[in-house]
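Below: the structure, in structure tokens.
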Amino acid sequence: MTTELPGSSKLSDTSGDTQVPTAAVLLIGNELLSGRTQDSNLAYIANALVARGIRMLEARVIADVPEEIVSAVNALRARYTYVFTTGGIGPTHDDITADCVAQAFGVDLPVNEQAKSILLDYFKSRDIEPNEDRLRMARIPVGASLVDNPVSAAPGFRMENVFVFAGVPRIMQSMLDSVLPQLASGPIVHSVTVGCNLGEGAIASALRALQERHPAIDLGSYPGKSGVLSRVSLVARGTDVDELETVRLALQSMVAELGGSEA
């Protein structure tokens, strides 16, 4: 079985007496909205969270506008177990994420002595001259804990349930990997896929009926290509492996009964 990003609120329900942890991602940066930078962080975060049993239920891409960042941080942190932000913690004037997170929590943003020491050691080892702009990356909201950055030293941080990461993919990935052990985990969502050569219009009614028989499973259809031929992938997601197998067999039977074949 493969593990994929859940796409339905059905997968965010409670499991027993334990609330399934949820998450949102906030991708910050004008360059993402202009198309200049192609984001790859969302997929990495989603895959990592799914593997830990955390349901990622929302992602937003917003510009470097302070009031929008503050509003989004406050809205998401109130709704989800975890919020992950990417981008905007560098040394330039448009790196404003730390300022906005501090404002969202109503705390000051001083230079953090531990972060400063990490940066100074890094600069010294590479013969980089410290300056005021570079040391902006040592400003951390009061009450936050540092997130390690083994790639370029400048730390991210965690403020309650909000994790603030760099936007550069390899740096973001190292930051996320370092905090994953701190996160709560829930039931792992697995998936099964049945590919077929039928169009979505031909399978819609039968797929809807199958969904009604298995409300705990998230069923979806995704058109695509297999070589030059059209192909629809029928994907079932859920935490119950036995039920998923039942649904997989039902999908195969459905395709055959409708005169199609697996592709």
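The values are calculated or read from the model by the stated rules, or taken from the named source; none is laboratory data. Predicted model only: the values in this text are computed from it and were never measured. Here the Cβ is made from the backbone with ideal geometry for all residues, glycine too, and neighbour counts use every protein chain on show. The accessibility values were calculated without ligands, DNA or RNA, using every heavy atom of the protein model including side chains. Shrake-Rupley method; radii C 1.70, N 1.55, O 1.52, S 1.80 Å.
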(message) Kindly evaluate V20 against the criterion of being surrounded by 14 or more Cβ atoms within 10 Å (Cβ to Cβ) and either out of contact with any strand residue (DSSP E or B) (no Cβ under 8 Å at 6 or more places or on another chain) or at pLDDT below 95 (or both).
(response) yes
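Residue-wise test of (1) open to solvent by 20 Å² or more (accessible area, probe 1.4 Å); (2) in contact (Cβ under 8 Å) with a residue 40 or more places away in the chain; (3) on the phi > 0 side of the Ramachandran plot.
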{"site": "I128", "(1), (2), (3)": "yes, no, no"}
{"site": "E132", "(1), (2), (3)": "yes, no, no"}
{"site": "A138", "(1), (2), (3)": "no, no, no"}
{"site": "V151", "(1), (2), (3)": "yes, no, no"}
{"site": "G167", "(1), (2), (3)": "yes, yes, no"}
{"site": "Q173", "(1), (2), (3)": "yes, yes, no"}
{"site": "V194", "(1), (2), (3)": "no, yes, no"}
{"site": "A206", "(1), (2), (3)": "yes, yes, no"}
{"site": "E212", "(1), (2), (3)": "yes, no, no"}
(request) With the condition kept exactly as written, say whether any residue in region 78-85 is surrounded by fewer than 20 Cβ atoms within 10 Å (Cβ to Cβ), among the hydrophobic types (A, V, I, L, M, F, W, C) and farther than 13 Å from I28 by Cβ. (result) yes
(request) For region 29-69, enumerate the residues that are buried (at least 18 other Cβ atoms within 10 Å of the Cβ), more than 30 Å from T239 (Cα to Cα) and aliphatic (A, V, I, L, M). (result) L32, I62, I69
(message) Could you check region 228-249 and list, in sequence order, the residues that are farther than 26 Å from G186 by Cβ and open to solvent by less than 30 Å² (accessible area, probe 1.4 Å)?
(response) V232
(request) Considering each residue of region 62-84, count those that are touching a Ser or Thr at 6+ places or on another chain (Cβ under 6 Å) and β-branched (V, I, T), and give that number. (result) 1
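Kindly evaluate F157 against the criterion of being open to solvent by less than 60 Å² (accessible area, probe 1.4 Å), among the aromatic types (F, W, Y) and either closer than 19 Å to N47 by Cα or outside any strand (DSSP E or B) (or both).
In short, no.
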(message) I need the full set of residues from region 141-150 which are modelled with pLDDT of 95 or more, more than 12 Å from F105 (Cβ to Cβ) and not acidic (D, E), in order please.
(response) S145, L146, V147, N149
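Residues checked against (1) within 30 Å of T92 (Cα to Cα); (2) modelled with pLDDT under 95:
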| site | (1), (2) |
| --- | --- |
| E160 | yes, no |
| L176 | yes, no |
| I188 | no, yes |
| G199 | no, yes |
| G227 | no, yes |
| L249 | no, no |
| G260 | no, yes |
(message) Within region 97-131, take every residue that is under 18 Å from G156 (Cβ atoms) and polar (S, T, N, Q) and give me the one that is farthest from the chain's Cα centre (by Cα).
(response) S117
